[in-house]
Amino acid sequence: MKKSGKIFSAVGMSGANDDSMKIGKKSAKATGRTGSAAKRVEEPVLPVPPRLHAAQLGAQGGAQKQDAARRDDDAQAAGKGFEAHIGGLLQSCDLEFEAHEAIRRMFLYGLGIGIGVGLIFFNHSLSLSFFIGACAFLAFEATVYGLLVVTSAKRIAAIEESLPDFLSMMASHIRSGLTYDRALLMSARKEFGPLSKEVNRAARETMTGTPLSDAMLAMTGRIRSETFTKTMKLIVEGYNSGGNLAELMENTSLDMRRFGSTRKEIAATVLVYRLFMFSAACIGAPLLYAVATFLIKIISQTKAKMNVNSFDASQAGLPLLGGASSLSPETVFWFSLIAIAIGAFFSALAAGVISKGKESEGMPYVPLLLAVSIGAFLLFTYLLEAVMGGFFGRV
C-alpha cells in the first residue's frame, strides 16, 4: 500500500510538472510576442537621409529652371509673333523687306526723329524735351504701322474685288481644253491689279513642277485675306477630291459676286450711322470743347479783374467764380485738343467696324478726321472769342 501511494504521488507530481512546463512555455511564447510587439512599437523613426533632401532640392531647382525657361520661351514667342505680324503686313503690301530688318529701321528712324524733336525743346526744360521726344517717337512708329495697315487693306480689297473675275476666266480656259498651269498663266490679266502678280508667280511655280494645289495654297501665305484663303482652300479640296475644277471655280465666282452685292447693301444701310459718328467727332465734340474753353477763359479773366478769391466769391453768391481757380485756360485748351484727337481716332475705327467689319478699314479716315476735328475746334474757339468776346471784354 505504501509503495502504491508513492507511485501515485510520483505520477501526480510528474503530471503537475508537465502542466507547469506547458503553462511556462505558453507564458514564454506570450511574453515573446508582446516583447516583439513592444520592440516594433518602440522602434524610432529613422531620419530622411541627406541625399533625399538633396534630391528634393534638386527637383525644386529643376522646376524653377523649367518655369524660367518657359517664361523665356513665352517672351521669345511673343517677339516672334510680333515679327511674324510685321512680316505678314510687309508681304501683304508687296514689300521686299525682311521683318527683322524693317523693325530695326523703324526703331532707328523713330529714335532719330524723337531725339531731333526733343533737342528743339531742350532749352525750355529737360522733362518737356524728353516728353516731346517720346511723343514724336511714338507718333512716327504709329504712323509707319498705320501706313502698313492701310496699304495692306487696300491691296487685299483690290484682290478680293478682282477674285471672282479671275475664277470665272480660269474656268472658261479650263473648259476650252487648256491644262491647269496654262489656264492659270493665261488668267493673269493686268486689269486684275495686285492679283495678277500673285497669279503669275503661282503659274511659274506650276510650270516648274510644283503641284497646282501647293501653288494655290502658297498664295494664301502671301495674302492676308480670310475670303481669299477660304476660296483657295475650297478649290484645292475640290481638286484633290477629283471634282470638276471648272464648275467649282464658276460656282465659287457666282457665290462671291452675290456675297459682294450683299455686303454693299449692308454698307449702304449703315451709312447713316457712319455719318452720325463722323458728325459727332468733327462738329459736336469740337463745338462743346470750344464752348467750355471759352467759358473758362471768361471766368478766369473776370475773376482776375475783380480780384476775388474762392472764399469771397462763395460768400457773395458767385460759386462759379470761386470754382474756376483750379483750372487754367491753357490746361483746358490742351485737354480739349487731346480729347478731340482720341475721339476722332476711335470714331474712325468704329466706322471701319460698322461698314466692313474690320478696324483696319477705318484707318484711312484717321488723318482726315483728326485734321477736320482739330480745325473745327480752333475755328469754333476763334468765332466764340470774336463774336461773344465783346459782351464780356476782350480775352
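The values are calculated or read from the model by the stated rules, or taken from the named source; none is laboratory data. Keep in mind that this is a model prediction, so the values were computed, not measured. We place every Cβ from the backbone using ideal geometry, glycine too, and count neighbours over all the protein chains shown.
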### Close pairs (8 angstrom Cβ cut-off, 6 or more residues apart or separate chains): under 20 Å from Ile159 (Cβ atoms) in region 82-98, basic (Lys, Arg) and not in a helix (DSSP H, G or I) anywhere
Gly88/Arg224; Leu89/Arg224; Gln91/Arg224; Ser92/Arg224
### Matching residues in region 193-206 - criterion: being modelled with pLDDT of 85 or more and in contact with a Phe, Trp or Tyr (Cβ under 8 Å, 6 or more places away or on another chain)
Leu195, Val199
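Looking at Leu321, Leu295 in this structure, which one is surrounded by 13 or more Cβ atoms within 10 Å (Cβ to Cβ), at pLDDT below 70 and closer than 20 Å to Leu384 by Cβ?
The conditions single out Leu321.
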### Query
Could we say that Arg105 is of a type in the set (Lys, Arg), in contact (Cβ under 8 Å) with a residue 40 or more places away in the chain and either out of contact with any strand residue (DSSP E or B) (no Cβ under 7 Å at 6 or more places or on another chain) or over 26 Å from Asn200 (Cβ atoms) (or both) here?
no
### Message
It is to be established whether one or more residues within region 201-216 are within 29 Å of Lys356 (Cα to Cα), touching a helix residue (DSSP H, G or I) at 6+ places or on another chain (Cβ under 8 Å) and not aliphatic (A, V, I, L, M).
### Response
no
### Summary
Going through (1) under 13 Å from Phe278 (Cα atoms); (2) surrounded by 15 or more Cβ atoms within 10 Å (Cβ to Cβ); (3) modelled with pLDDT of 90 or more one by one, Ala371 fails only at (2)
#### Entry: Residues that are under 20 Å from Cys93 (Cα atoms) and not in a loop (DSSP other than H, G, I, E, B), drawn from region 336-366
Gly352, Lys356, Glu359, Ser360, Glu361, Gly362, Tyr365, Val366
### Query
Looking at (1) at pLDDT below 90; (2) under 32 Å from the mean Cα position of the chain (by Cα); (3) acidic (Asp, Glu), which is the one condition that is false for Asp181?
(2)
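Between Ala171, Ala218, which is small (Gly, Ala, Ser) and touching a residue at least 60 places away in the same chain (Cβ under 8 Å)? If you could, list the steps in order and put the result at the bottom.
Details: Ala218 fails: touching a residue at least 60 places away in the same chain (Cβ under 8 Å).
Only one candidate passes the filter, namely Ala171.
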### Task
Might you check whether a residue that is of a type outside the set (A, V, I, L, M, F, W, C), in the same structural domain as Ile298 (by TED's automatic domain parsing) and either over 29 Å from the mean Cα position of the chain (by Cα) or farther than 24 Å from Ser152 by Cβ (or both) occurs anywhere in region 356-375?
yes
#### Entry: Pairs, first under 20 Å from Val144 (Cα atoms) in region 108-131, second surrounded by 15 or more Cβ atoms within 10 Å (Cβ to Cβ) and polar (S, T, N, Q), C-beta under 6 Å, six or more apart
Gly118/Ser129
### Task
With respect to Ala350, determine if the residue is at negative phi, in contact (Cβ under 8 Å) with a residue 60 or more places away in the chain and surrounded by fewer than 20 Cβ atoms within 10 Å (Cβ to Cβ).
yes
### Task
Starting from region 193-214, take each residue that is farther than 22 Å from Lys154 by Cα and list its partners that are among the small types (Gly, Ala, Ser) and not in a helix (DSSP H, G or I), counting only C-beta distances under 7 angstrom and pairs at least six apart or across chains.
Ala203/Ala188
